[in-house]
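Novice: The structure that follows is given in the form of structure tokens.
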2 protein chains.
Amino acid sequence: MITGKNYIGNALKGSGSKTFKTFNPQLNKETSWQFIEATEEELKEAVTLAWDAFKEFQKTTGTQKATFLRAIADEIEALDNELIETYCAESGLPEGRAKGERGRTCFQLRMFADLVEDGSWVDASIDIANKDRQPNPKPDLRKMLIPIGPIAVFGASNFPLAYSTAGGDTASALAAGCPVVVKSHPMHAGTGELVASAILKAAKNTKMPNGVFSNLNSSGIEVGKLLVNHPLIKGVGFTGSIGGGRALFNMAAEREEPIPVFAEMGSINPVIVLPKALKQKGKEWAKKYASSITLGTGQFCTNPGLILGIAGEELEDFISTLGEEIEKVEPMCMLNPGILSRYEENKKKMLAENDVSIVTDYSSNVPQNYAKQAVITADGESFLKNPQLHQEVFGPFSLVVKFQNKEQLTEAIANLEGQLTGTFISEDNEVEDYGDVVHALQNRVGRVIFNGVPTGVEVCTAMQHGGPYPASTDSRFGAVGVQGIQRWVRPLSFQDWPNHLLPDALKNDNPLQILRTVNGDKTKDAI
Amino acid sequence: MITGKNYIGNALKGSGSKTFKTFNPQLNKETSWQFIEATEEELKEAVTLAWDAFKEFQKTTGTQKATFLRAIADEIEALDNELIETYCAESGLPEGRAKGERGRTCFQLRMFADLVEDGSWVDASIDIANKDRQPNPKPDLRKMLIPIGPIAVFGASNFPLAYSTAGGDTASALAAGCPVVVKSHPMHAGTGELVASAILKAAKNTKMPNGVFSNLNSSGIEVGKLLVNHPLIKGVGFTGSIGGGRALFNMAAEREEPIPVFAEMGSINPVIVLPKALKQKGKEWAKKYASSITLGTGQFCTNPGLILGIAGEELEDFISTLGEEIEKVEPMCMLNPGILSRYEENKKKMLAENDVSIVTDYSSNVPQNYAKQAVITADGESFLKNPQLHQEVFGPFSLVVKFQNKEQLTEAIANLEGQLTGTFISEDNEVEDYGDVVHALQNRVGRVIFNGVPTGVEVCTAMQHGGPYPASTDSRFGAVGVQGIQRWVRPLSFQDWPNHLLPDALKNDNPLQILRTVNGDKTKDAI
């Protein structure tokens, strides 16, 4: 049941006077729930509880954490239709998407459960003492990863489940042993509260300390500011706009004790279409890209917002088919009127830029809050001269740029802002003639794709979701897959520490049976 | 031969008009060389060369990089007496220390050579495609670590070799595939130039691109500022004061594209002496600590500047023996008159604090530039109330604090600033009664030591040299050991990329024979 209150640890509280509502974009009206913003006092209580819980939670075994994470997934599934209906009402997204995202969310929670149950992720390494070494004896050194402390997680507008309350950031932080305080996304505060209730039910049933999780409502920026500036918060996870992510990054860097911020922000995900590929399969690719550009009403961070080709007949044919195919796509609802109006505004600005031509600007009438897709083109020289053309238009929009030659294309890629992904559409070994372009692209992105679309982010070990700034604030870490846990931990070394007082992961007999690095070799053997 | 000029890539340049000299603290006079500060133009040329070199250098194989790193070690050794004499002249440190540090420097270079020759450090992971998966086929994903770009390295005053020109930061960055621009430390610019000449000789002999390394002279902060703000610099390594490190961190965070700064800064390295241990072996520990406090004239970042005990007879006896032993230590020369005067000033401030008592304040005459060691005490309550007593006094100085009980000690530890190390001196299982203290300490440090001294930082995999702020700006990374390479790399994923176009580390047949994670399992097998 949605109460509109905040979860301060296990307790529902709502002593504040500021309230807000969420919005159903399909019905074009507010939902029935009223949410009470967390007060500064409630926020401080949540963080203090998280800090106290940290003392106990960081000692929790991998098996206990796994039980907790699996219980969260079970409780989310147990919310059943109430969750799916709330999700759809607050996002305008269809039921299939809601169920798919719920599946992804629970999959992620169980994936982290498996990871911490196995336990090898702590990257234990042991260098045995050598008392006879000259000129000085060598001490015994053992190192493992430990959690850094309470983490603030900011829900994402475009993934009410998989990148919000119990999404990848929360799942990875809890798996690491860090309590989490969520700043719920105001567009789906009801979905957030339901998921928070599932987390806290799971926490109680698996005997986790009170404060291991809290959920704060807020429609403005004040709660987020206070959270990031609270001295007991030790890290921040965020998915959203460049403006929002950078503001949090700046605040965190200016603290007396700076803390890491993992903000996954904007990306236009360049796609390079090579001439032979367009000649052979241009129509097929145009169809696939019309679908990728409009998938989820273009509200994916991996949306292909920029297509780069070599000017010529093949590219012209591709553009015209892409235009036709895009025109055929049935417009869909955006998450929120606010997101729609920003989309319309950014699209309008882009269409008004010098030297761009419109390929498709969907003009039929659409229901309220539905987005009209658009594709435009520009030439390479204009693109190089005008950085406005690099800006993300969050929604079903793409810009196709026609370059004079390979060199101009390479220059454009090398000067692009950092991106989550970069894609090559190439026939056979055509890409081999574009070594410089490939090389330039690899330096600007976190993931390169061959003959595919950037939308669709597989959750697996070899996935990298993150990229050079401004795709993310720290390209050395990723937000998808088990490696996400690395963001919330740091190494601690034990020198000459008595065996029975060491954490289990570092004890001689390897009681956890984890893979460790002993004197440089990977092994599960005892010492 | 020392020319006093800057290495802009392979070329010696000195078009600037600002000059400075280094100082021999043992002779209390300037050395004979005159150093020319790098101009802004020379700096820009060095960074641009580094950026151009990066394109080629990042493609260099592990074997080629290993050859380069080993050649640097060989060339440093070939500098022979000229290097040792210059080192001693510019630092006032004895020949034994110079040779020891040269050994450590060359060991580190060869350690990184072994690491990149083996190649497994790129952490290759592969998730094979599954075209039949429902509802969507699973793509092929392969991920590895790649270098981030040119790195600025700031030489450290207290390690003219091991943490300067060819020290841990430079060695790890070159191993990663990142070109390096060094801002040479002005106190040992001659040592720096000699080492730079060795690096560039090695680079030429092993056919590395021009610009893979540059060395800039500067006596002020201007060159460092320009370096950190240059858009083509992608990361910063620094060892030094909290003020200096934080200033660089702030600049890097305020850039249009923020970049990571790894600053290893201040630490007072708390040592907890437990009563039984003092009762049994108090004299022995006092002797060891008198030696650790004054080692290298107290100019180590792991110097034990804070000793914490429970008030009582055992602690009083320990303090009085420590005082006697410290008094017996022969004072030694500091690195530089500037460092000495800051030491004297900070010590004086500390002695003037309320509620402190002097145990030893060495008063006999000493030669010019020699430091007089001191030990003082305070009670737990004063320590808790007065954060001035937490300040680092860089030099042969330590504060012993007497706490009323375990709880007061725990509170003090929990409220300490982040530290590189924390040590327990304990008899048998005495430490087991101090669970809360141990736990609090582990949350404040990067390395915990049992019955030892914090000085002496072993170079090995299980070492962590770094800690919560302000010990370092990023506790998730360390400056000592092979893991140092992680600071200069980021993951890149390849999705459905043709096998023959993949980097060797990710190819099906595993031509490099490295350890990889394939579908979740560690293996060297081909696919």
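Novice: Given the structure, is B:A50 under 18 Å from B:T170 (Cα atoms), modelled with pLDDT of 95 or more and touching a helix residue (DSSP H, G or I) at 6+ places or on another chain (Cβ under 7 Å)?
Specialist: Judged against the criteria, B:A50 is not a match.
Novice: Name the strands (runs of 3 or more DSSP E) wholly inside region A:381-476 in which the number of residues that are of a type in the set (F, W, Y) is 2 or more.
Specialist: Numbers: elements: A:397-403, A:419-425, A:445-450.
Output list reads A:397-403.
Novice: Now a separate question. Determine which single condition B:V482 fails, assuming it passes every other condition in (1) in contact with a Pro (Cβ under 9 Å, 6 or more places away or on another chain); (2) in the same structural domain as B:G243 (by TED's automatic domain parsing).
Specialist: Failing condition for B:V482: (1).
Novice: When only residues in region A:18-40 that are in a strand (DSSP E or B) and in contact (Cβ under 8 Å) with a residue 60 or more places away in the chain count, which is surrounded by the most Cβ atoms within 10 Å (Cβ to Cβ)?
Specialist: Residue satisfying both the conditions and the ranking: A:F35.
Novice: Determine the pairs where a residue that is facing chain A (nearest Cβ under 8 Å) and touching a residue at least 24 places away in the same chain (Cβ under 8 Å), located within region B:425-446, has a partner that is buried (at least 19 other Cβ atoms within 10 Å of the Cβ) and β-branched (V, I, T) with Cβ atoms under 8 Å apart, the partner being 6 or more residues away or on another chain.
Specialist: B:V431/B:V438; B:V445/B:T421; B:G446/B:T421
Novice: Quickly run through region B:340-354 and pick out the residues that are touching a Gly at 6+ places or on another chain (Cβ under 8 Å) and either surrounded by fewer than 21 Cβ atoms within 10 Å (Cβ to Cβ) or assigned to a loop (DSSP other than H, G, I, E, B) (or both).
Specialist: Selection gives B:N346 alone.
Novice: Only one of (1) assigned to a strand (DSSP E or B); (2) free of Cβ contacts under 8 Å to residues at least 24 places away in the same chain fails for B:S493. Which number is that?
Specialist: (2)
Novice: Still on this structure, I have one more. Out of region A:249-273, which residues are within 13 Å of another protein chain (Cβ to nearest Cβ) and under 30 Å from A:V431 (Cα atoms)?
Specialist: Once the filter is applied, which keeps residues that are within 13 Å of another protein chain (Cβ to nearest Cβ) and under 30 Å from A:V431 (Cα atoms), region A:249-273 yields A:M265, A:N269, A:V271.
Novice: If a residue has to be part of a helix (DSSP H, G or I) and surrounded by fewer than 21 Cβ atoms within 10 Å (Cβ to Cβ) to count, how many in region A:41-74 make the cut?
Specialist: So the first thing to find is which residues in region A:41-74 are part of a helix (DSSP H, G or I), and the list is A:41-57, A:62-74.
Subset that is surrounded by fewer than 21 Cβ atoms within 10 Å (Cβ to Cβ): A:41, A:44-45, A:48, A:51-52, A:55-56, A:63-64, A:67, A:70, A:74.
Residues that pass the stated criteria total 13.
Novice: Please state which of the following conditions A:N508 fails to meet, knowing it meets all the rest: (1) more than 10 Å from every other protein chain (Cβ to nearest Cβ); (2) under 27 Å from B:G467 (Cα atoms); (3) crowded, with 18+ Cβ neighbours inside 10 Å; (4) at pLDDT 95 or above.
Specialist: Result: A:N508 passes all but (3).
Novice: For region A:267-301: of the residues being farther than 19 Å from A:L389 by Cα and of a type in the set (A, V, I, L, M), which is surrounded by the fewest Cβ atoms within 10 Å (Cβ to Cβ)?
Specialist: Filtering region A:267-301 for residues that are farther than 19 Å from A:L389 by Cα and of a type in the set (A, V, I, L, M), the one surrounded by the fewest Cβ atoms within 10 Å (Cβ to Cβ) comes out as A:L295.
Novice: Please work out if A:R142 is over 30 Å from A:E264 (Cα atoms), within 14 Å of another protein chain (Cβ to nearest Cβ) and buried (at least 17 other Cβ atoms within 10 Å of the Cβ). Before the answer, list the steps.
Specialist: Working: over 30 Å from A:E264 (Cα atoms): yes; within 14 Å of another protein chain (Cβ to nearest Cβ): yes; buried (at least 17 other Cβ atoms within 10 Å of the Cβ): yes.
Against the criterion (over 30 Å from A:E264 (Cα atoms), within 14 Å of another protein chain (Cβ to nearest Cβ) and buried (at least 17 other Cβ atoms within 10 Å of the Cβ)), A:R142 qualifies.
Novice: Out of B:G103, B:G149, B:G96, B:G119, I need the residue that is within 12 Å of another protein chain (Cβ to nearest Cβ) and closer than 24 Å to A:Q442 by Cα. Which one?
Specialist: Going through B:G103, B:G149, B:G96, B:G119 in turn, just one is within 12 Å of another protein chain (Cβ to nearest Cβ) and closer than 24 Å to A:Q442 by Cα: B:G149.
Novice: Also, I was wondering about something else. Assess whether B:Q404 counts as being under 30 Å from the mean Cα position of the chain (by Cα), of a type in the set (S, T, N, Q) and either over 21 Å from A:I146 (Cβ atoms) or within 14 Å of chain A (Cβ to nearest Cβ) (or both).
Specialist: In short, no.
Novice: Hey, could you check region B:479-489 for residues that are in contact with a helix residue (DSSP H, G or I) (Cβ under 6 Å, 6 or more places away or on another chain) and of a type outside the set (A, V, I, L, M) and say which is farthest from the other protein chains (Cβ to nearest Cβ)?
Specialist: Once the filter is applied, the top-ranked residue is B:G484.
Novice: What pairs come up if the first residue lies in region A:368-394 and is within 17 Å of A:G296 (Cα to Cα), the second is among the charged types (D, E, K, R) and buried (at least 19 other Cβ atoms within 10 Å of the Cβ), and their beta carbons are under 8 Å apart, counting only those six or more places apart or on different chains?
Specialist: Cβ pairs passing all conditions: A:A374/A:K347; A:V393/A:K347.
Condition check ((1) more than 30 Å from A:L27 (Cβ to Cβ); (2) in contact with a Leu (Cβ under 7 Å, 6 or more places away or on another chain); (3) among the charged types (D, E, K, R); (4) without any contact (Cβ under 8 Å) to a residue 40 or more places away in the chain) across all residues:
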residue: A:G309; (1), (2), (3), (4): yes, yes, no, no
residue: A:L315; (1), (2), (3), (4): yes, yes, no, no
residue: A:L322; (1), (2), (3), (4): yes, no, no, no
residue: A:P337; (1), (2), (3), (4): no, no, no, no
residue: A:L340; (1), (2), (3), (4): no, no, no, no
residue: A:E344; (1), (2), (3), (4): no, no, yes, yes
residue: A:K348; (1), (2), (3), (4): no, no, yes, yes
residue: A:A352; (1), (2), (3), (4): yes, no, no, yes
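Novice: For a quick check of your reading: which strands (runs of 3 or more DSSP E) sit entirely within region B:195-276 and have at least 1 residues that are under 26 Å from B:F68 (Cβ atoms) and modelled with pLDDT of 95 or more?
Specialist: Of the strands (runs of 3 or more DSSP E) lying wholly inside region B:195-276, those with at least 1 residues that are under 26 Å from B:F68 (Cβ atoms) and modelled with pLDDT of 95 or more span B:213-216, B:235-239, B:261-264.
Novice: Criterion first (at pLDDT 95 or above and under 19 Å from B:A202 (Cα atoms)) does B:G62 satisfy it?
Specialist: yes
Novice: Do we have any residue at all in region A:371-387 that's modelled with pLDDT of 95 or more, within 12 Å of chain B (Cβ to nearest Cβ) and more than 12 Å from A:N269 (Cα to Cα)?
Specialist: No; the residues of region A:371-387 include none that is modelled with pLDDT of 95 or more, within 12 Å of chain B (Cβ to nearest Cβ) and more than 12 Å from A:N269 (Cα to Cα).
Novice: Let me ask another. Identify all residues within region B:393-427 that are over 18 Å from B:P275 (Cα atoms), out of contact with any helix residue (DSSP H, G or I) (no Cβ under 8 Å at 6 or more places or on another chain) and either surrounded by fewer than 24 Cβ atoms within 10 Å (Cβ to Cβ) or of a type in the set (D, E, K, R) (or both); write none if there are none.
Specialist: Selection gives B:G418 alone.
Novice: Tell me, which residue of region A:447-465 that is more than 8 Å from chain B (Cβ to nearest Cβ) and not hydroxyl-bearing (S, T, Y) is nearest to the chain's Cα centre (by Cα)?
Specialist: Among those residues, the one meeting the criterion is A:H465.
Novice: Test B:A78 against the criterion of being surrounded by fewer than 19 Cβ atoms within 10 Å (Cβ to Cβ), within 30 Å of B:D114 (Cβ to Cβ) and of a type in the set (A, V, I, L, M, F, W, C), and give yes or no.
Specialist: In short, yes.
Novice: Right, here's the next one. Would you check if there is a residue in region B:127-150 being under 23 Å from B:M334 (Cα atoms) and not polar (S, T, N, Q)?
Specialist: no
The values are calculated or read from the model by the stated rules, or taken from the named source; none is laboratory data. Since the model is a prediction, treat every value here as computed from it, not as a measurement. Note: ideal-geometry Cβ built from the backbone for every residue, glycine included; neighbour counts use all protein chains shown.
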